[in-house]
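Engineer: Dropping the structure in here first, questions after.
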Amino acid sequence: METFGDRLHRAMAQRGPLCVGIDPHPGLLTRWGLTDDVDGLERFCRTVVEALGDQVAVVKPQSAFFERFGARGVAVLESTIRQLRDSGSLVLLDVKRGDIGSTVAAYASAYLDPSSPLYVDAVTASPYLGVMSLAPMFELAATHGGGVFVLALTSNPEGAAVQRAVGADGRTVAQAVIDEIAQLNRGAQTLGSFGLVVGATIGDTGHDLSAVRGPLLAPGLGAQGATAADLRTVFGASLPWVLPSYSREVLHAGPDVAALRAAAQRALADCKAALGGF
Ligand SMILES: O=C(O)c1cc(=O)[nH]c(=O)n1[C@@H]1O[C@H](COP(=O)(O)O)[C@@H](O)[C@H]1O
């Protein structure tokens, strides 16, 4: 069975290191001339799939913007996931789930079991109930060739107080998360299937990412103020593992399909230059 890490490695080599988020903010729906309802949501997503599904390596729908419309919004999420998979991009569902292990098992089957209507290639997860409370997710991902991206150093300013707190062993909370994920990726051939989320906004924090051997999702580019050039400062020698992620910066170019494609290509060119041609 091909692992998520293998699929991601191939997709990044073929399409370039770029993830684009589907974040249908109410303001974006209006800006695109759409209504702020399920119909507008559905049209927005169809346009993004048409523009980017066969272009970018990874598309990352943000679950919150679908959930706010209830069951009908989640139905749009299901069909968007299907369309994205058909168009050839990998789907990373941004849900940032985390709970006690027995509940995490249910989240795992919701997103990482191929028989689920919300089955995706990978999800985001929160480690703040303990990294290994996410073990059922790691196990199901390993069973079915899925991936999990665990929050380590998030892009928002509020994250630092928790994530950079120092534990009894002298490591920060974030470094402990990083080290546990590195363990999970031991033995990975190309790229491990267990990734981390490290914001492009955070500057040089001195964390050691060198042993991770998994993808490093870097949100915070564009709308949150980070530029592709900041990736060098944040990631240093770990740049080859970075998957830069943009949402509003690219989505602002819509609803014109050609303009969306051009915005994604610009973002990709900036990232390739910053990552040194990886
Ligand atoms: O897990 C994420 O994707 C994520 C982690 C993080 O530290 N910061 C962050 O902004 N995100 C998500 O990335 C997207 C950023 O959107 P833009 O600021 O519009 O590019 C949103 O969907 C956030 O929820």
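The values are calculated or read from the model by the stated rules, or taken from the named source; none is laboratory data. From a predicted model like this one, the values you see are computed outputs, not experimental measurements. All Cβ positions, glycine included, derive from the backbone under ideal geometry; neighbour counts span all protein chains shown. With ligands, DNA and RNA removed, areas are computed over all heavy atoms of the protein, side chains included. Shrake-Rupley method; radii C 1.70, N 1.55, O 1.52, S 1.80 Å.
Engineer: Do we have any residue at all in the range 169-181 that's within 22 Å of residue 59 (Cβ to Cβ), open to solvent by less than 60 Å² (accessible area, probe 1.4 Å) and within 16 Å of the chain's Cα centre (by Cα)?
Structural biologist: Scanning the range 169-181 turns up no residue that is within 22 Å of residue 59 (Cβ to Cβ), open to solvent by less than 60 Å² (accessible area, probe 1.4 Å) and within 16 Å of the chain's Cα centre (by Cα).
Engineer: Still on this structure, please answer the following. Quick check on the range 184-198: of everything there that is of a type outside the set (Val, Ile, Thr) and open to solvent by 50 Å² or more (accessible area, probe 1.4 Å), which residue is nearest to the ligand (Cβ to nearest atom)? Break it down into steps so the answer makes sense when it comes.
Structural biologist: Restricting attention to the range 184-198, the residues satisfying the condition of being of a type outside the set (Val, Ile, Thr) are 184-189, 191-196.
Filter once more, keeping what is open to solvent by 50 Å² or more (accessible area, probe 1.4 Å): 184, 186-187, 189.
On the way: 184: 18, 186: 24, 187: 26, 189: 26 Å.
That would be 184.
Engineer: Being within 16 Å of the ligand (Cβ to nearest atom) and of a type in the set (Val, Ile, Thr) is the requirement here; does residue 173 meet it?
Structural biologist: So residue 173 fits the description; yes.
Engineer: If you don't mind, another one. Would you be able to say whether some residue in the range 43-50 is over 20 Å from the mean Cα position of the chain (by Cα), farther than 21 Å from residue 261 by Cβ and modelled with pLDDT of 95 or more?
Structural biologist: no
Engineer: If you take the residues in the range 107-137 that are open to solvent by less than 10 Å² (accessible area, probe 1.4 Å), part of a helix (DSSP H, G or I) and touching a Ser or Thr at 6+ places or on another chain (Cβ under 9 Å), which one is nearest to the ligand (Cβ to nearest atom)?
Structural biologist: Here the residue is 134.
Engineer: Considering each of 84, 92 in turn, give the residue that is within 16 Å of the ligand (Cβ to nearest atom) and in contact with a Ser or Thr (Cβ under 8 Å, 6 or more places away or on another chain). Please lay out each step first, then the result.
Structural biologist: Numbers: 84 fails: in contact with a Ser or Thr (Cβ under 8 Å, 6 or more places away or on another chain).
Residue meeting the stated conditions: 92.
Engineer: Can you tell me which condition residue 224 does not meet? The list is (1) in contact with a Leu (Cβ under 8 Å, 6 or more places away or on another chain); (2) closer than 18 Å to residue 22 by Cβ, and all the others hold.
Structural biologist: Result: residue 224 fails condition (1) only.
Engineer: For residues in the range 247-266 being part of a loop (DSSP other than H, G, I, E, B) and in contact (Cβ under 8 Å) with a residue 24 or more places away in the chain, which is farthest from the ligand (Cβ to nearest atom)?
Structural biologist: That would be 255.
Engineer: Filter the range 16-39 down to residues that are in contact (Cβ under 8 Å) with a residue 24 or more places away in the chain and under 11 Å from residue 255 (Cβ atoms), then give me how many there are.
Structural biologist: 5
Engineer: Do we have residue 35 as assigned to a loop (DSSP other than H, G, I, E, B) and surrounded by fewer than 23 Cβ atoms within 10 Å (Cβ to Cβ) here?
Structural biologist: Judged against the criteria, residue 35 is a match.
Engineer: Residues in the range 229-242: is at least one within 20 Å of residue 51 (Cα to Cα) and either touching a Ser or Thr at 6+ places or on another chain (Cβ under 9 Å) or away from the ligand (no atom under 16 Å from the Cβ) (or both)?
Structural biologist: Checked the range 229-242: no residue is within 20 Å of residue 51 (Cα to Cα) and either touching a Ser or Thr at 6+ places or on another chain (Cβ under 9 Å) or away from the ligand (no atom under 16 Å from the Cβ) (or both).
Engineer: Could you count how many residues in the range 199-224 are buried (at least 16 other Cβ atoms within 10 Å of the Cβ) and of a type in the set (D, E, K, R)?
Structural biologist: Of the residues in that region, 1 qualify.
Engineer: Name every residue in the range 50-66 that is crowded, with 21+ Cβ neighbours inside 10 Å, free of Cβ contacts under 8 Å to residues at least 60 places away in the same chain and more than 15 Å from the ligand (Cβ to nearest atom), in order of residue number.
Structural biologist: Answer for the range 50-66, where residues must be crowded, with 21+ Cβ neighbours inside 10 Å, free of Cβ contacts under 8 Å to residues at least 60 places away in the same chain and more than 15 Å from the ligand (Cβ to nearest atom): there is none.
Engineer: Right, next: Pairs under 8 Å by beta carbon, first residue free of Cβ contacts under 8 Å to residues at least 12 places away in the same chain in the range 151-178, partner of a type in the set (D, E, K, R), six or more apart or different chains?
Structural biologist: 171/179; 173/164
Engineer: Let me ask something additional. Return yes or no: is residue 203 away from the ligand (no atom under 11 Å from the Cβ), within 23 Å of residue 240 (Cα to Cα) and in contact (Cβ under 8 Å) with a residue 60 or more places away in the chain?
Structural biologist: When the stated conditions are applied, residue 203 does not pass them.
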